[in-house]
Amino acid sequence: MNRQDRKAAISAWKERGSAAGIYALRSATTGAVWVGSAPDVRTIRNRILFTLRHGSHRARDLQAAWAGDGEAGLGFEVLEVMDPGEETPAPYVVTDWLKARAAHWRAVLKAHPL
């Protein structure tokens, strides 16, 4: 990749914005579900997998499921993405929306928090 292509790729990555949303992890063997929220659901999967691989995830029950099932035994899915509309919403609006929607999905799926 030459210098100009690299600059274009970096610029495109910076301008892509974020997609706040709600996600779920499901255990294939036990059927347990964990629901969490993130300011950018496109990047949260990598962070979760990194912490699980290193045994440092703060949700001990999820870490135990990872130890038993491994990566293949845990499914990741995006449940809902916030539609920002015409303008980018204020950070407090995004935070409030994430909290409310995560609570909704935890109740619906009878899930553990992340």
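The values are calculated or read from the model by the stated rules, or taken from the named source; none is laboratory data. As the structure is a prediction and not an experimental result, all values here were calculated from the model. Here Cβ is always computed from backbone atoms with ideal geometry, including for glycine, and neighbour counts include all displayed protein chains. Please note that ligands, DNA and RNA were not included when accessible areas were found on the heavy atoms of the full protein model with its side chains. Shrake-Rupley method; radii C 1.70, N 1.55, O 1.52, S 1.80 Å.
Across the chain, Cα-Cα pairs more than 18 Å apart make up 57 percent of the total.
In this simple spin-label approximation, residue 81 and residue 42 carry label points 7 Å from Cα along the Cα→Cβ vector, and these lie 0.8 nm apart.
Among the protein heavy atoms, those of residue 18 account for about 80 Å² of accessible surface (1.4 Å probe, every chain in place). Taken over the range 56-114, the percentage of Cα pairs per 10 Å bin, counting from 0 up to the bin with the maximum distance, is 18, 38, 31, 12, 1.
Helical content of the chain, expressed as a calculated mean residue ellipticity at 222 nm, amounts to -15500 deg cm²/dmol (DSSP H runs of 4 or more residues, -39,500 (n - 2.57) each, divided by residue number, nearest 500).
Taking the protein heavy atoms of the chain in the context of the full set of protein chains, the accessible area attributed to carbon and sulfur is 54 percent at 1.4 Å. Estimated from the Cβ-Cβ distance and a Förster radius of 41 angstrom, the FRET efficiency linking residue 19 and residue 54 is about 0.95. Measuring nothing but how far apart in sequence close Cα pairs (under 8 Å, 6+ apart) lie, relative to its length, the chain scores a relative contact order of 37 percent.
Relative to the longest principal Cα axis of the chain, at what angle does helix 3-15 sit, 0 to 90 degrees, rounded to 10? Tilt of helix 3-15: around 60 degrees.
Between the helical axis of 41-53 and the longest alpha-carbon principal axis of the chain there is an angle of about 50 degrees. For the range 15-70, the Stokes-Einstein estimate of translational diffusion at 4 °C and a viscosity of 1.567 mPa s comes to 107 µm²/s, using the Kirkwood hydrodynamic radius over alpha-carbon pairs. Helix 91-109 axis versus longest C-alpha principal axis of the chain: approximately 30°, rounded to the nearest ten. Accessible surface for the chain, divided over its residues, is 66 Å² per residue with a 1.4 Å probe.
For the residues 73, 36, 85, a GNM of the chain with alpha-carbon springs under 10 Å puts the largest fluctuation on 85.
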